[in-house]
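The values are calculated or read from the model by the stated rules, or taken from the named source; none is laboratory data. Predicted, not measured: the structure shown is a model, and the values here were computed from it. Glycine gets a Cβ as well: all are built from the backbone with ideal geometry, and neighbour counts include every protein chain shown. Quick note on the areas: whole protein, heavy atoms, side chains included, nothing else; ligands and nucleic acids left out. Shrake-Rupley method; radii C 1.70, N 1.55, O 1.52, S 1.80 Å.
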Amino acid sequence: MKCNCEDIETLLSGYLDGELTQGDRQRVEVIMEDCEDCAKTFEEMKKLRGEIGGIEYEHMTEAERLKAAKDPVAETGASLGQILVIGGFILFYGSCIYLALKEMLANPDTPILIKIGLPAIFLGFGVLLTSVVIDRIKASKTDPYKDVEI
Amino acid sequence: MGIALRDKMNAGQGENAQDDIESLSDHGFALAIQLLGRHEDAADVVQDSLRKLVHSGQYNARRGPKRAWFLKVIRNGALDVLRKRKPEEEAAVAQLKDDDLSPAEAVEQNELKHIIRQQLGTMDVAQREIILLRDFHDLTYAEIAEVMEIRAGTVMSRLHRARQELRQRMRRYL
Ligand SMILES: [Zn+2]
């Protein structure tokens, strides 16, 4: 009986993958003993399959891996918490300083140098704090992994 | 400061060692780069897919092996990226595929694998992916049907057609 190679090819593919029914499997085994062309096709398929399994594709970089495994929602929650805490501190200490200064400046007995010096110290402290906070915000907005490896 | 997704994933996991986040990410990334050809795009798809799954609670709710299911999510993400690509971007990626291996890599990897990879890269996405899902990712026909959302009965013939195409292209090297 002449082999109808083209029709058999699909079965060869299924045979290679171990996805045939027992009946079809036996059919393929018989055919491959009889038909050289089918046997050759099968060998080519098998070779390609083996090679494909061993192709090296790129991997994620360590930085990408870390980034992918980070949880953005938890992060947003955490930074919201940070903002509330920092904001609360500023309001609280700001009010205290304001009240203390108001008292002192209103008092005619306070020496003039203290009237000028103390507000200057608090103002300077405020400026420093603000610049530190701005730096932190800038740093957290730029991607921390950007410079690691691309 | 970030709370690792891994911690959330561990709760619902255990029975399958290959379903941990590293292993899933690796397989997912491989499929994404096989479909997209561009490293950054593939990394974005993996990141999006992980987040989507963990935040929707699907990861922990899922019973049984997760790999095929995760690959399906990756695939859908990758196909979205492909759909949004402009023609000129596609051309740039095709250019990239042509010389995607550094000379050192090409030598290290044997020549035949290199050629197969190049040929796969220029094949139709649907044909490329079915071959890789089977031969690279080692999925069963049932799993392939799940990932590609096609009927299980059509996997064998589709796969065969794709292999036939690849075999034609590789004929002179075999
Ligand atoms: Zn034959």
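Only one of A:L20, A:L11 is within 11 Å of chain B (Cβ to nearest Cβ) and either under 21 Å from B:R171 (Cα atoms) or surrounded by fewer than 18 Cβ atoms within 10 Å (Cβ to Cβ) (or both); which?
One residue alone meets the criteria, A:L11.
This table checks each residue for (1) at pLDDT 85 or above; (2) in contact with a Gly (Cβ under 6 Å, 6 or more places away or on another chain); (3) surrounded by 14 or more Cβ atoms within 10 Å (Cβ to Cβ); (4) within 14 Å of another protein chain (Cβ to nearest Cβ).
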{"site": "A:A74", "(1), (2), (3), (4)": "no, no, yes, yes"}
{"site": "A:F92", "(1), (2), (3), (4)": "no, no, no, no"}
{"site": "A:I116", "(1), (2), (3), (4)": "no, no, no, no"}
{"site": "A:V127", "(1), (2), (3), (4)": "yes, no, no, no"}
{"site": "A:K146", "(1), (2), (3), (4)": "no, no, no, yes"}
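Just checking, how many residues over the stretch A:2-31 are near the ligand (Cβ under 8 Å from one of its atoms) and in a helix (DSSP H, G or I)?
Qualifying residue count for the region: 3.
Have a look at B:H160, B:H137 and point out the one that is modelled with pLDDT of 95 or more, open to solvent by less than 50 Å² (accessible area, probe 1.4 Å) and assigned to a helix (DSSP H, G or I).
B:H160
Sort through A:K40, A:K67, A:K47 and tell me the only one that's open to solvent by 60 Å² or more (accessible area, probe 1.4 Å), within 14 Å of the ligand (Cβ to nearest atom) and within 14 Å of chain B (Cβ to nearest Cβ).
Being open to solvent by 60 Å² or more (accessible area, probe 1.4 Å), within 14 Å of the ligand (Cβ to nearest atom) and within 14 Å of chain B (Cβ to nearest Cβ) holds for just one of A:K40, A:K67, A:K47, which is A:K40.
For the condition among the charged types (D, E, K, R), in contact with a Leu (Cβ under 9 Å, 6 or more places away or on another chain), open to solvent by 10 Å² or more (accessible area, probe 1.4 Å) and modelled with pLDDT under 80, what is the one hit in B:R62, B:R67?
Exactly one of B:R62, B:R67 is among the charged types (D, E, K, R), in contact with a Leu (Cβ under 9 Å, 6 or more places away or on another chain), open to solvent by 10 Å² or more (accessible area, probe 1.4 Å) and modelled with pLDDT under 80, namely B:R62.
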